[in-house]
1. Got the relative contact order for the stretch 7-118 handy, in percent, Cα pairs under 8 Å and 6 or more residues apart?
2. Listing CYS169, CYS36 from the residue with the fewest other Cβ atoms within 10 Å to the one with the most, what is the order?
3. Order these by the 10 Å Cβ neighbour count, fewest first: VAL72, VAL192, VAL147.
4. Defining a contact as two alpha carbons under 8 Å apart and six or more residues distant in sequence, what relative contact order in percent does the chain show?
5. Fewest to most neighbouring Cβ within 10 Å: what's the order for TRP176, TRP133?
6. How many lysine pairs in the chain, separated by 8 or more positions in sequence or lying on different chains, have Cα atoms less than 26 Å apart?
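Nothing in this text is a laboratory measurement; each read-out follows from the coordinates by a stated rule. Owing to the predicted nature of the structure, the values given are computational and were not obtained by experimental measurement. Positions of Cβ are generated from backbone atoms using ideal geometry, with glycine treated the same way; all protein chains shown enter the neighbour counts.
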Amino acid sequence: MIKNSTFMESLNRAIEGFLQTLHSQRNMRIHFFLACLAIILGLYLNFNRLELAILFATATLVIFAEMVNTIVEYLLDLYKPQPDNLVKLIKDISAGSVLLASLLALGVGYLLFFDRMHFSPENLLVRIKQSDWHISLVILIFLIALVIGIKYLFRQGSPLRGGLPSGHCAFAFSVWTITLLLQKNNVVNFLVFLLALIIARSRIKTGVHNLYEAVIGALLGIVFTILIYQLLL
């Protein structure tokens with residue numbers, strides 16, 4: 001139990017650090033948006049596993065370089081409030097590493113996308129709509145992002161533990177709603193509903209969430225899932 005708790009706390013701090021960088025650094029937001037866009041395009045263009053792996057690795061490298069650059073700037077500002085030539089040189093070198101990673105990403109993007117760019121937003125929506133797996137994946141990914149965003153915005157608990165709303169309840173009842181919308185087997189729907197209730201009860205019983213937070217999380221999962229499902233159909 002102690003090891004699990006330690007791991008969860010470390011994971012929460014890591015997510016909070018990433019979100020703080022995303023919130024405070026304009027360049028980080030730009031890189032993150034472009035990385036998400038590139039990955040979505042790669043999925044749309046049916047990249048093979050190797051191409052997707054290269055795309056993920058390159059995007060991660062750029063974001064990693066931006067986070068390291070942010071750390072360097074914070075440390076220099078902390079220990080050397082009065083800038084001098086050496087501080088400026090270190091910051092320039094650190095920023096240069098981000099530039100180098102970005103140029104690498106541009107080159108990789110050019111090689112991967114140049115001969116395959118026939119992008120149509122309408123076709124992308126059609127592909128998503130035609131696949132229950134794609135619909136479910138889109139709903140769950142954006143739901144998790146929404147829950148973490150709400151907690152971060154209102155400083156409620158940590159990204160993966162405590163606070164309003166309950167992410168576990170939102171996820172569990174979103175899965176139940178997806179099953180209800182896609183599955184006509186009442187026995188399966190009832191069993192998934194029971195599992196969602198068990199998850200909600202466990203969050204309340206262990207004291208991670210109160211009843212209000214669990215109910216709001218469950219309602220968020222249900223309403224968000226139905227809304228996105230209706231928009232995609």
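1. Across the stretch 7-118, relative contact order equals 29 percent.
2. CYS36, CYS169
3. VAL72, VAL192, VAL147
4. Dividing the mean separation by the residue count of the chain yields 18 percent.
5. TRP133, TRP176
6. Eligible lysine pairs with Cα atoms under 26 Å apart amount to 6.
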